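S.K.: Encoded as structure tokens, here's the structure I'll be asking about.
The values are calculated or read from the model by the stated rules, or taken from the named source; none is laboratory data. Source: prediction; values computed, not measured. Methodologically, a virtual Cβ is constructed for each residue, glycine included, from the backbone with ideal geometry; neighbour enumeration extends over all protein chains shown. The area values use the complete protein model at the heavy-atom level, side chains included, leaving out ligands, DNA and RNA. Shrake-Rupley method; radii C 1.70, N 1.55, O 1.52, S 1.80 Å.
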Amino acid sequence: MEKVAVFIDVQNVYYTCRQIYKRNFDYNKFWRQATGGREVVKAMAYAIDRGDRKQHEFQNILRSIGFEVKLKPFTQRSDGSAKGDWDVGITIDAMEYSNLVDTVVLVSGDGDFDILAQKLRLDRGKRVEVYGVPDLTAATLMNAASEFTPIEGRLLLD
């Protein structure tokens, strides 16, 4: 059976789906599509922890689906901007777990991951599937992937 590891950039997916569709990503439908007929070795969702009740409920839903949730504290800078991305953490985990799987699934439109996708595909011989909102996914990331699946229609909650 094909072995897979799944890595989701929760903030990226949330904001890109909200910006383009005014809707939320359907994690249950995604899980069924991305993992069906495959052995899930690792499934991680990376999020920012603001400490509110609604967010904790969402994180528990992710856990019940099968994701390990990694949290980073929300940081507000003195200039009013916010910090809280997981790019380095996702990259390290994807490289580490790639040795155990045939396919790496990355859910993000962030072009910073194009180098990761290329490295996994070309140097490690892995299949790399990227899911992202087409209008907000970097072309370099789409091109670096073995397969790009647009987040639209059936992957969105009504």
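S.K.: Could you list, in sequence order, all residues of the range 120-141 that are closer than 14 Å to VAL105 by Cα and of a type in the set (D, E, K, R)?
M.R.: ARG121, LYS126, ARG127, GLU129
S.K.: Among the listed residues ASP114, ASP110, ASP123, which satisfies the condition of being more than 16 Å from the chain's Cα centre (by Cα) and over 22 Å from ARG38 (Cβ atoms)?
M.R.: ASP123
S.K.: Name the strands (runs of 3 or more DSSP E) wholly inside the range 76-151 in which the number of residues that are within 20 Å of ALA45 (Cα to Cα) and of a type in the set (Phe, Trp, Tyr) is 1 or more. Give the steps one after another, and end with the answer.
M.R.: Numbers: elements: 103-107, 127-132, 147-150.
In the range 76-151, the matching strands (runs of 3 or more DSSP E) lie at 127-132, 147-150.
S.K.: Quick one: count up the residues across the range 11-32 that are of a type in the set (A, V, I, L, M) and out of contact with any Phe, Trp or Tyr (no Cβ under 7 Å at 6 or more places or on another chain).
M.R.: Summing the residues that are of a type in the set (A, V, I, L, M) and out of contact with any Phe, Trp or Tyr (no Cβ under 7 Å at 6 or more places or on another chain) in the range 11-32 gives 1.
S.K.: Related question: In the range 64-73, is there at least one residue being small (Gly, Ala, Ser), open to solvent by less than 80 Å² (accessible area, probe 1.4 Å), modelled with pLDDT of 95 or more and in contact with a strand residue (DSSP E or B) (Cβ under 9 Å, 6 or more places away or on another chain)?
M.R.: yes
S.K.: State which residue pairs qualify: first residue free of Cβ contacts under 8 Å to residues at least 60 places away in the same chain and inside the range 16-31, second residue in a helix (DSSP H, G or I) and not acidic (Asp, Glu) in any location, beta carbons under 8 Å apart, and separation of 6 or more residues or different chains.
M.R.: From residues that are free of Cβ contacts under 8 Å to residues at least 60 places away in the same chain, the pairs are TYR27/ILE61; TYR27/LEU62; TYR27/ILE65; ASN28/ILE65; TRP31/ILE65.
S.K.: State all residues of the range 34-47 that are under 14 Å from the mean Cα position of the chain (by Cα) and modelled with pLDDT of 95 or more; if no residue qualifies, say none.
M.R.: Hits for the range 34-47 are ALA34, THR35, LYS42, ALA43, MET44, ALA45, TYR46.
S.K.: Restricting to the range 78-99, and then to whatever is exposed (fewer than 11 other Cβ atoms within 10 Å of the Cβ) and more than 16 Å from GLN11 (Cβ to Cβ), can you tell me which residue is modelled with the highest pLDDT?
M.R.: ASN99
S.K.: How many residues, within the range 116-140, are farther than 18 Å from VAL13 by Cα, in contact (Cβ under 8 Å) with a residue 24 or more places away in the chain and open to solvent by 80 Å² or more (accessible area, probe 1.4 Å)?
M.R.: Summing the residues that are farther than 18 Å from VAL13 by Cα, in contact (Cβ under 8 Å) with a residue 24 or more places away in the chain and open to solvent by 80 Å² or more (accessible area, probe 1.4 Å) in the range 116-140 gives 4.
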